[in-house]
Amino acid sequence: MKYSENIYWAIPEIFLVTATVALLAYGVIYSKIGGKYSQQRKITWLSIITLAFTALIILSQILEYMQAWEGTIYIAGVFGVDILTLACKLVVIFSAMVILILSLEYYAERGWAIYEYTLLILLSTLGMLVLVSARDLISLYLGIELVSLSLYVLAGMERKRQYSTEAALKYFLLGALSSGLLLLGSTLVYTFTGETTFSGLSAVLWYSHDSLGIKAGAVLMITALLFKLAAAPFHMWAPDVYEGSPTIVTAYFAIVPKIAILTALITLLFAPLLGLWDEGLQTLILVSAGASLFVGALGGLNQTKLKRLLAYSAIGHMGFILLAVGTSTLWSLQAVYTYIIYYIIMSIASFTIVLSIFKGSLNYIAQLSGLSRTQPVLAATLAMTLFSMAGIPPLAGFLSKYLVLLAAIENGFFMISIIAVLTSVISAFYYLRIIKWMYFKDTSDFHYKDLVDVSITRINVDLPRSIVLGVCMWFILTLLIYPNPILNLVFDVLGGYIL
């Protein structure tokens, strides 16, 4: 364990917050100059460049860390940097960049001229960088709140749309509840230990964890993070928020915050709260994993709206991830991060296609009817993505589920492994149902055609989205055949990760 006051390791956050403030000033002054969407696109490109420079800074830090450091480097005792933290920051930055690239055509398609949208993306990304570096209960709470407050506003970005306002209100109320639970849990832990830093809590709780107040505080904190991950039984907000939010914002919810909050959860479980692991925290994680598997599989069966179905799909995938977290070995952590990388790739591909059809107004699954005849390449791409999400070999999604199940079975978790296999088979039904509409149904089978447009004409996917889709499909089709680069990278990162 190494301590350092070197501000160098906080440069990515300092640069990002400075650039965000500068872009805010630019937007206030120049947002009304030029065409309706010209400044919006300029601010978006400037934000992409900002994130690219932030990624370069993090890459340079990774190279320096690998050459000269090991363990955790502490900044002011409340933030920490290690190889896993830096790698997660890089994934967060790249995911946010992809969302901004997908947003470029969304402005004109939906009539947006809201420059604040891009700045909220940057602010929430900054919150995620703070979150993965948090090594203190106060910095953990501040990171969570910076992310959450930005997401609340993003959910209600389309102010004239009733569903968007409803989604923002629901998300805000339930998110405030989870933040209150996190704050209450942190208060209880501090009251009974007198420590807020993770290193101090580790020392105290390793030898003394018999207090009921400490256990209650730990459970409340883990529950709050499970809520943020939309894990059952704390998932109730996800389907409504996914459906009501603008599609590009739904894509952001589904893709970017997951790895940051998951890393915060793992850091909390296996550093300060490790002494409580056998005192009920492992059971809490495994129960949430099993519940998420059931809710994700059964909740999506009767869904007719695509974004609600993707919400239940995300809940099911979170069940697999939490199963690996609950197994609590180095191999299972490798499965966790391999799974989340594959999940991000598959989610980017699916939402890119959703954004390209009906200019982002794809609501019902049945609106995809006849897509294979009008857009055969797009239909095949979506079909391959859905097969991968269902875990069908030889696609990438199969390998991620296989690694999780292998880690669980090797450690004796047979019953929940059987549940994971059964729920995976059940969830495959609703993925196949989407493919059935694309290939074997037509618009005459759609009962809501008087309410929405169901005529799919020739869709011209713009160049940025085409590149994103091509890269995602390359990963989906080849990672099972040659997974060694990803597996070795994840294992090397975790091998150098010392809490």
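General observations
- Counted residues, the stretch 253-274 - those being among the aromatic types (Phe, Trp, Tyr) and buried (at least 20 other Cβ atoms within 10 Å of the Cβ): 1
- No other residue among Leu126, Leu201 is in contact (Cβ under 8 Å) with a residue 60 or more places away in the chain, under 22 Å from Thr263 (Cα atoms), open to solvent by less than 10 Å² (accessible area, probe 1.4 Å) and of a type outside the set (Ser, Thr, Tyr) apart from Leu201.
- Members of the stretch 400-425 that are over 15 Å from Leu293 (Cα atoms), of a type in the set (A, V, I, L, M) and surrounded by fewer than 22 Cβ atoms within 10 Å (Cβ to Cβ): Leu406, Ile409
- The C-beta contact set for the stretch 307-326 (first residue farther than 13 Å from Met389 by Cβ and of a type in the set (Asp, Glu), second residue at pLDDT below 95 and crowded, with 24+ Cβ neighbours inside 10 Å, distance under 8 angstrom, 6+ apart or interchain) is empty.
- Residue within the stretch 369-383 that is under 30 Å from Ile285 (Cα atoms), open to solvent by less than 20 Å² (accessible area, probe 1.4 Å), modelled with pLDDT of 85 or more and out of contact with any Ser or Thr (no Cβ under 7 Å at 6 or more places or on another chain) present: no
- Qualifying residue in the stretch 384-396 (condition: assigned to a helix (DSSP H, G or I) and closer than 19 Å to Val295 by Cβ): yes
Each row is one residue, and each column tells you yes or no for (1) closer than 30 Å to Leu120 by Cα; (2) assigned to a loop (DSSP other than H, G, I, E, B); (3) open to solvent by less than 40 Å² (accessible area, probe 1.4 Å); (4) among the β-branched types (Val, Ile, Thr).
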| site | (1), (2), (3), (4) |
| --- | --- |
| Ile222 | yes, no, yes, yes |
| Leu225 | yes, no, yes, no |
| Met236 | yes, yes, no, no |
| Asp240 | yes, no, no, no |
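- Top-ranked residue of the stretch 78-93 - restricted to ones that are farther than 17 Å from Ile261 by Cβ and not in a strand (DSSP E or B), ranked as most open to solvent (accessible area, probe 1.4 Å): Val78
- Of all residues in the stretch 275-289 being small (Gly, Ala, Ser) and open to solvent by 10 Å² or more (accessible area, probe 1.4 Å), the one that is modelled with the highest pLDDT: Gly280
- Residue in the stretch 169-191 that is free of Cβ contacts under 8 Å to residues at least 40 places away in the same chain, open to solvent by 20 Å² or more (accessible area, probe 1.4 Å) and within 21 Å of Thr247 (Cβ to Cβ) present: yes
- Sole residue being of a type in the set (Asp, Glu) and either within 22 Å of Asp492 (Cα to Cα) or open to solvent by less than 10 Å² (accessible area, probe 1.4 Å) (or both), chosen from Glu109, Glu70: Glu70
- Filter pass, Leu323 being over 17 Å from Leu382 (Cα atoms) and in a loop (DSSP other than H, G, I, E, B): no
- Residue selected from the stretch 326-337 under the condition under 17 Å from the mean Cα position of the chain (by Cα) and crowded, with 24+ Cβ neighbours inside 10 Å, by the criterion nearest to Glu279 (Cα to Cα): Val336
The values are calculated or read from the model by the stated rules, or taken from the named source; none is laboratory data. Owing to the predicted nature of the structure, the values given are computational and were not obtained by experimental measurement. As a convention, Cβ positions derive from the backbone with ideal geometry for all residues, glycine included, and neighbour counts pool all protein chains shown. Quick note on the areas: whole protein, heavy atoms, side chains included, nothing else; ligands and nucleic acids left out. Shrake-Rupley method; radii C 1.70, N 1.55, O 1.52, S 1.80 Å.
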